[in-house]
Amino acid sequence: MGKTYIKNPDIISRKIAGESILVPIRNNSRDLEYIFALNETSSRIWELIDGHNDAAAIAETLALEFAAAKEEIEADLADCLTSLEENGFITGNAKQ
């Protein structure tokens with residue numbers, strides 16, 4: 001879990017009722033049809049992605065805030081980060 005992540009600057013997010021909505025703001029009108037909704041946990045992960053926190057630091061913060069086993073938190077975090085990265089919402093870099 002030694003990667004740090006940065007948010008794609010072409011994505012805007014809005015928090016609505018505890019969930020975050022991610023929307024691309026590129027010039028392609030088809031991109032506006034692609035909206036990504038994050039649940040409460042994924043919304044918190046999105047908030048913690050700042051280019052400085054690596055995945056381990058994010059997992060530690062989540063462990064303090066959510067009542068779940070460390071293994072479950074790490075697995076959910078990995079799934080969320082993979083999904084966000086595959087969809088182009090974040091970019092991961094190996095921590096130096």
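Extension gain, THR91 to ALA57: 0.36 nm times the residue separation minus the Cα-Cα distance gives 10.6 nm. Above 17 Å, the calculated P(r) of region 3-94 contains 48 percent of its Cα-Cα pairs. Within the listed set LEU64, LEU22, LEU81, the residue fluctuating most in the Gaussian network model of the chain (springs between alpha-carbon atoms under 10 angstrom) is LEU64.
Computed from the coordinates by the stated procedures, all read-outs in this text should not be read as laboratory data. Note that this is a predicted model, so its numbers are computed, not measured.
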